[in-house]
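Here's the structure, in structure tokens; my notes come after.
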Amino acid sequence: MTTARYERIRVRVVRVGPDTTHVSVPTYAAGQILVPVQTFEVMSATGMTRTQLTGADMTATANVTATSDADVHLHDWQAPTSDTEADRIAAHEAGQREVAWDADLP
């Protein structure tokens, strides 16, 4: 039995319905199998409308060791605040170190 390991990851909203939203999660099945979540939960957490959610890139906390869509447990939704935030998240996922703007580099 694998222990659940939760991390903040980048996800993409693919389909938005009145009750259920389907999300592509790169850490689960390489993003090829969509994970269903409650539309109202995502809208409430992000302040986005159904129209704004469609195709949106955002982050959520997920079980990155999930072996079924029921085990992914997406929660703690956040829409990136800017392109810089999205770039920082993408860099973190790629294993790059984070550098603050105007930092002196070695």
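Residue pairs whose Cβ atoms lie under 8 Å apart, separated by 6 or more positions or on different chains, with the first residue in segment 33-56 and touching a residue at least 40 places away in the same chain (Cβ under 8 Å) and the second part of a loop (DSSP other than H, G, I, E, B) and among the aliphatic types (A, V, I, L, M), are ALA56/MET48; ALA56/ALA79. For segment 12-43, a tally of residues being closer than 14 Å to VAL72 by Cα, in a strand (DSSP E or B) and of a type in the set (A, V, I, L, M) returns 4. Per the listing TRP101, TRP77, the residue uniquely over 24 Å from ARG15 (Cα atoms) and either modelled with pLDDT of 95 or more or in a loop (DSSP other than H, G, I, E, B) (or both) is TRP101.
Applying the condition of being of a type outside the set (Ser, Thr, Tyr) and part of a loop (DSSP other than H, G, I, E, B) to segment 1-11 and asking which residue is surrounded by the most Cβ atoms within 10 Å (Cβ to Cβ) yields ALA4.
The condition of being touching a Leu at 6+ places or on another chain (Cβ under 8 Å) and of a type in the set (Ser, Thr, Tyr) holds for only one of THR54, THR65, THR46, THR59, that being THR46.
The values are calculated or read from the model by the stated rules, or taken from the named source; none is laboratory data. Computed from a prediction, not measured in an experiment: that's the story for all the values here. Positions of Cβ are backbone-derived with ideal geometry, glycine not excepted, and every protein chain shown enters the neighbour counts.
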